[in-house]
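Below is one structure, written out as structure tokens; comments come after it.
The values are calculated or read from the model by the stated rules, or taken from the named source; none is laboratory data. Since we're looking at a predicted model, the values are computed, not measured. Virtual Cβ from ideal backbone geometry, glycine too; neighbours counted across all protein chains shown. Surface areas here come from the heavy atoms of the whole protein model, side chains and all, with no ligands, DNA or RNA. Shrake-Rupley method; radii C 1.70, N 1.55, O 1.52, S 1.80 Å.
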Amino acid sequence: MIYIYYSVISENNHKKLMQEFLLRFPIDFQNRITSYRRWQDAQLSILGRILLYRGTDHFDKKYKEISIKYNKHKKPNFGEEKVYFNISHSGEIVVCAVTNICDIGIDIELQRDIQIEDFQPQMTEGEWMKISTSFNKRDSFYKYWTQKEAVIKGCGKGLSVPLKSFEISQNTAMIDDEKFFLKEIKLDDKYKCYIATNMLVNEACIKISEVVSPDYYPNLI
């Protein structure tokens, strides 16, 4: 199964998150959160971790913050444990995907009004042709952008892989001879969200849940 949890930030919940939840994390994580100037940024980061541990509740072992490692491209993981996860946030939504079946990347983007032409250098000729000739250029752009971000996160190499170096075609992409499959995750009409996995996953294996009021996790350290 692939478990996808998401939350919408709320200023009303912020005091509780900072006073109760944050204290359950290691001190270096606490320091990073308290360094944010905007409450929105702090809450997105806290909620991302809370969603992660909600997802790992589906597996036998209890995962803790101190278990998180980082590869050379700074993608977080649980080391040798075969539980894979990825977190993304944009606007007021944070989303986390957790699974034990394959590598996974997730990306969410709030569809803002932007100068789409500024991003042409990040697209292949084929992708840009489809975007520029689309009836809804903004929607088409965010579809490709979110897919490409999900792929580079799924492969674990992040921005070390130039976005223009691979092409999205029929919801698939190849990076270093590894094939990734893309599926749209529909959360909110104002956002685009996609997951990328290195194996074909049936939609019946994807479970999407909103966390409205975060649960209490006593053993995060």
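Of note:
- Estimated vicinal HN-Hα couplings, Hz - the stretch 86-100 in sequence order (Karplus 6.51, -1.76, 1.60; Gly, Pro = x): 7, 10, 8, 8, 7, x, 10, 10, 10, 9, 9, 10, 9, 7, 10
- For the chain: relative contact order, % (alpha-carbon pairs under 8 angstrom, 6 or more apart): 26 percent
- In the context of the full set of protein chains, the chain has a per residue accessible area of 54 Å² (1.4 Å probe).
- Viscosity 1.567 mPa s, 4 °C: Kirkwood-radius Stokes-Einstein D of the stretch 43-154 over Cα pairs, µm²/s: 82 µm²/s
- Backbone amide hydrogens, once placed in the peptide plane, bring residue 91 within less than 5 Å of 110, excluding anything fewer than 5 places away on its chain.
- Within the straight-line cut-off of under 25 Å between alpha carbons, the lysines reachable from residue 192 are 74, 75, 130, 137, 143, 148, 153, 157, 164, 179, 183, 207, sequence neighbours fewer than 8 places apart in one chain being disregarded.
- q = 0.09 Å⁻¹, the chain: log10 I(q)/I(0) [Debye, one scatterer per Cα]: -0.37
- Shape of the stretch 1-103, Cα gyration tensor, a/c cut at 1.5: prolate
- The rule of thumb for compact globular proteins, 2.2 N^0.38 Å, goes into the C-alpha radius of gyration of the stretch 115-221 1.23 times.
- 0 to 90° range, to nearest 10: angle between helix 137-154 axis and the chain longest Cα axis: 60 degrees
- Taking all protein chains together and rolling a 1.4 Å probe, residue 17 ends up with roughly 0 Å² accessible.
- Three-way shape call for the stretch 135-190 based on the alpha-carbon gyration tensor, with the a/c threshold at 1.5: prolate
- Using θ = phi - 60° in the Karplus curve 6.51 cos²θ - 1.76 cosθ + 1.60, the 3J(HN,Hα) couplings for the stretch 43-51 round to 5, 4, 5, 5, 4, x, 5, 4, 5 Hz; x is entered for Gly and Pro.
- The stretch 20-94, accessible surface, carbon-and-sulfur percent (1.4 angstrom probe): 47 percent
- Distance between the pseudo-spin-label points of residue 160 and residue 212 (7 Å out from Cα toward the beta carbon): 4.3 nm.
- Of the residues 74, 143, 15, ranked by 1.4 Å probe accessible area with the largest first, the sequence reads 74, 15, 143.
- Against the compact-protein benchmark of 2.2 N^0.38 Å, the Cα-based radius of gyration of the stretch 1-43 scales to 1.29.
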